[in-house]
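Following: one structure in structure tokens, then a few remarks.
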Amino acid sequence: MSKEGFSISLVNPHAPGLDWIQKIGIAVASLGLLSMVVGATGPANQDPSFYFWTGVFASIVGFLIYIVRTFSGKTESGNNHHIFNSSLMARGVAGWAFGIFLTAFYILLYWGSDSFWNNSGLVSMFHPVSEGLFGFYADKWFLYGFVYTISVLVMGVRAIIKYRHSNYQVIRTCSVMFFQLGFAFLIPMFLKAMSQPEYYFSYFWPLDYDLLWPNSVDGMMNAGTIGLWMLIVSALLTFVVTPILTYFFGKRWYCSWVCGCGGLANTAGDPFRQLSDKSLKAWKVERWMIHSVLLFITLLTILLWVNSYLEGGIFGSVSHELTKAYAFLIGQAFAGVIGVGFYPLLGTRIWCRFGCPMAAYLGLLQKYFSRFRITTNGGQCISCGNCSTYCEMGIDVKSYAQRGENIVRASCVGCGICSTVCPRGVLNLENGPTHTDRENNNPITFGNEGVGLRGFN
């Protein structure tokens, strides 16, 4: 080492920086984003291919280079170092700015005019991939589906590398990437290209809230055999497959392995999972809100069928106004604008935790009907709090571990991060023989405060 670089400081006097590979990744991604901004102002309407390759594609490649290099060099224990010093991940200026950007994007997506989007340079630069794959021009919903899917795939690579020490996390992340790419993007787009109903096999009632409404059912019946087949599949998934799989595996089979909302939360939203509210007040609000939404959509669906049977004789236009209200408040404002726009401020499962009727339905089955539980070995717990900190559903996992109690909660989505970040192997996701043996019945407890008798700790 040269004399100029020598220091007697006990700590590193130089700020940690990026190596040359990370710098290349950042440079490529930045130039790609700049090209997208320039193209979106109008030039992409004349030459969409140029701005797709130099903008969209270059951004994806740049981010992948940076992500692979950054996380492949981290150890398991160093994955979350400095996370609370990050402006982006700890509600700093960058976090607020990103949250405002996401929220504004969703507001424009849902309530901006179609002509504003479809004549824009931003949508035009996606024409080459849309025409090349499916034979039709891109619109704002193709843009959204493409960006959503790419976000899951790129950040899925990040999650796989970050959690490469856990087979459960690697396989689970591959699963959400597969279902998002195939079942929530490629198949619906191919169906649209063939002038068939744009059906999403990974979403079903009550999450896909209008799927079983009278007008939707009529539309699918009019589509012929394929429409009737989709209708039967939807009913089976909702009323047969969901209870059976939830009994055996808990709600994790859907919320953390199949659902696109959960897929985005566990990939693109992973940097923000520690921001969930763990307070008792939040838990009380969560239970009221999510079950109210489930009750709302259930009553509304029944009301629509009764109204349809009576040909509007009793409820008149009231049912129509209620469908508009549900679509606006729950389907758009809550699920989209708040559910994703508030990632950098309130964590990644705001929608799943407080508003998703599918999560409420699965949660009731998991709480009273499933064999799934998270077992704890309380005597090994060192109270580091990692499990509670990184629980995206706001569950105070540590309190269960300290008491040596199994975790049986309706809200738990079984993502398994609590177990992955535990340095002592205290937590295990298990499917027991029956749903009745999930609670700890052993009168002797092995908790963080030692051995004791249940009820006297």
Can you list the HN-Hα couplings for the stretch 227-244, worked out from phi with the Karplus curve (6.51, -1.76, 1.60; θ = phi - 60°), rounded to whole Hz and with x for Gly and Pro?
-> x, 4, 4, 4, 5, 5, 4, 4, 5, 5, 4, 6, 9, 10, 5, 4, x, 5
Once the piece of chain linking Arg287 and Leu133 is laid out straight, how much longer is it, given 0.36 nm per residue of separation minus the C-alpha distance between them?
-> 51.1 nm
Report Rg(Cα)/(2.2 N^0.38 Å) for the stretch 327-435, keeping two decimals.
-> 1.17
Length-normalised contact order of the stretch 99-237 in % [C-alpha pairs under 8 Å, at least 6 apart] | 13
Largest-first principal axis extents of the Cα set of the chain (Å) = 76, 65, 33
What percentage of the solvent-accessible surface of the chain, computed with a 1.4 Å probe over protein heavy atoms, is contributed by carbon and sulfur atoms?
-> 67
Please report, in debye to the nearest 20, how large the charge dipole of the chain is about its Cα centre when each Lys and Arg carries +1 at its beta carbon and each Asp and Glu carries -1 there.
-> 1380
Average Cα contact separation per residue, the stretch 294-365, under 8 Å, 6 or more apart, as relative contact order % | 29
Enter the per residue convex hull volume of the stretch 107-196, computed from alpha-carbon coordinates, in Å³ rounded to the nearest integer.
-> 113
Using a 1.4 angstrom probe, figure out how much accessible area the stretch 121-189 has per residue, in square angstrom, rounded to the nearest whole.
-> 36
Theoretical FRET efficiency, 1/(1+(r/R0)^6), r = Cβ-Cβ of Ile24 and Asn215, R0 51 Å, to 0.05 = 0.45
Relative to the compact-globule scaling 2.2 N^0.38 Å, provide the ratio for the alpha-carbon radius of gyration of the stretch 29-182.
-> 1.16
Averaged per residue, what accessible surface does the stretch 227-356 expose to a 1.4 Å probe, in Å²?
-> 43
In percent, what relative contact order does the stretch 172-242 have, based on Cα pairs under 8 Å that are 6 or more apart in sequence?
-> 23
Entries of Lys23/Lys278; Lys162/Lys281; Lys251/Lys278 with Cα pairs more than 27 Å apart | Lys23/Lys278; Lys162/Lys281
For the chain, the longest site-free run once GluC sites (Glu not before Pro) in DSSP loop states with at most 14 other Cβ atoms within 10 Å are removed | 1-197
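The values are calculated or read from the model by the stated rules, or taken from the named source; none is laboratory data. This structure is a prediction, so every number in the text was calculated from the model and none was measured. As a convention, Cβ positions derive from the backbone with ideal geometry for all residues, glycine included, and neighbour counts pool all protein chains shown. Keep in mind that these areas ignore ligands, DNA and RNA; they rest on the heavy atoms of the full protein, side chains included. Shrake-Rupley method; radii C 1.70, N 1.55, O 1.52, S 1.80 Å.
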